[in-house]
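This report refers to the structure that appears directly beneath it.
Read the figures in this text as sums done on the coordinates, not as results from a lab. Note that this is a predicted model, so its numbers are computed, not measured. Cβ: placed from backbone, ideal geometry, glycine included. Neighbour counts: every protein chain shown.
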Amino acid sequence: MGNVNIAATKTNLLKIKQNLELTQQGYDLLDEKRKILLQELTALIDSVDHSQSKLNEIMQTAYRILDRAIAQIGRTRLEILSMAVDIDTQLAISQRRIMGVTVPVISLQIKEKIPYCSMTQVPLTVDEAIMSFKEVLKAIVALAEKKIALLRLAEETRRTIRKVKALEKIYIPYYKQATKYISERLEEEARDSFALLKLIKQYKF
């Protein structure tokens with residue numbers, strides 16, 4: 001939108017000024033949205049990093065307990081016992097909005113039927129392993145929820161930044177240039193008309 005190609009009339013000047021005002025208002029709103037999105041994005045990145053670290057710790061703990069269980073009863077017997085574990089997992093997904101961006105809210109429901117086997121034949125480490133891996137599942141769901149929100153917020157932030165730059169670098173300068181161009185042309189025409197009118201009066205009298 002470089003060169004101004006518009007008739008220099010008072011009507012067009014009024015329209016251009018209105019467009020400039022609306023564009024400026026749109027820029028201010030989008031720029032404020034951009035700032036808030038960047039704040040939300042920064043906070044979410046920190047939250048994702050924390051959740052990832054927490055998941056790593058929980059998984060390491062779970063696998064250490066699993067290794068102890070394998071050492072106590074052997075891998076084959078543990079695999080047989082795992083087949084007796086009756087656990088049903090269900091995901092409930094709802095939504096919430098952050099600055100107009102829809103992000104998921106994911107909750108994990110774990111339903112289990114216990115005991116899985118005779119308590120006298122199973123060491124405590126097996127139950128600890130089961131409990132630990134249930135915590136792993138919860139941590140994975142929590143991390144997934146945040147990562148999806150992060151991706152969607154990042155995309156909305158990119159779109160908002162593009163719009164802000166377009167208004168700042170293209171549309172606002174164009175409307176300012178057009179306003180200046182039409183105003184100067186109208187002033188020039190007014191001076192010419194005044195000079196012509198003055199000349200006519202001189203010849204008349």
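Computed extension gain for E79 through A166, at 0.36 nm per residue and net of the alpha carbon distance, reaches 25.3 nm. Distance between the pseudo-spin-label points of I87 and V136 (7 Å out from Cα toward the beta carbon): 0.9 nm.
Principal axis extents of the C-alpha atoms in the chain (largest first, rounded to whole Å): 126, 25, 20.
Determine the gain in length on full extension of the stretch D127-E32; use 0.36 nm per residue of separation and subtract their C-alpha separation, reporting nm with one decimal. Write down the numbers at each step before the final one.
Numbers: separation 95, 0.36 × 95 = 34.20 nm, distance 5.18 nm.
Result for the pair: 29.0 nm of gain on full extension.
Note on segment 48-95: Rg/Rh from C-alpha atoms, Kirkwood Rh, equals 1.14. In this structure, the pairs whose alpha-carbon distance is over 26 Å, taken from K33/K169; K17/K169; K113/K138; K10/K35; K10/K33; K35/K169, are K10/K35; K10/K33.
With a 10 Å Cβ neighbour count serving as the proxy for reagent exposure, in which order, fewest first, do S132, S53 appear?
On the way: S132 19, S53 10.
Least to most surrounded, the residues fall as S53, S132.
For the pair segment 128-147 / segment 84-111, the C-alpha centres are spaced 12 Å from each other.
The angle between the Cα long axis of helix 10-73 and the longest principal axis of the Cα atoms of the chain comes to about 10 degrees, rounded to the nearest 10. Each 10 Å bin from zero holds the following percent of Cα-Cα pairs in segment 30-146: 12, 32, 27, 16, 9, 4, 1. Relative to the dominant Cα principal axis of the chain, helix 172-204 is inclined by about 10°. Rounded to the nearest 10 degrees, the inclination of helix 124-166 to the longest alpha-carbon principal axis of the chain is 10 degrees.
Kindly put V4, V122 in sequence by how many other C-beta atoms sit within 10 Å of each C-beta, fewest to most. If you can, show how the numbers build up before the last one.
Numbers: V4 16, V122 19.
The order, fewest Cβ neighbours first, is V4, V122.
Between R185 and I45, the FRET efficiency estimated from the beta carbon spacing at R0 = 35 angstrom works out to 0.10.
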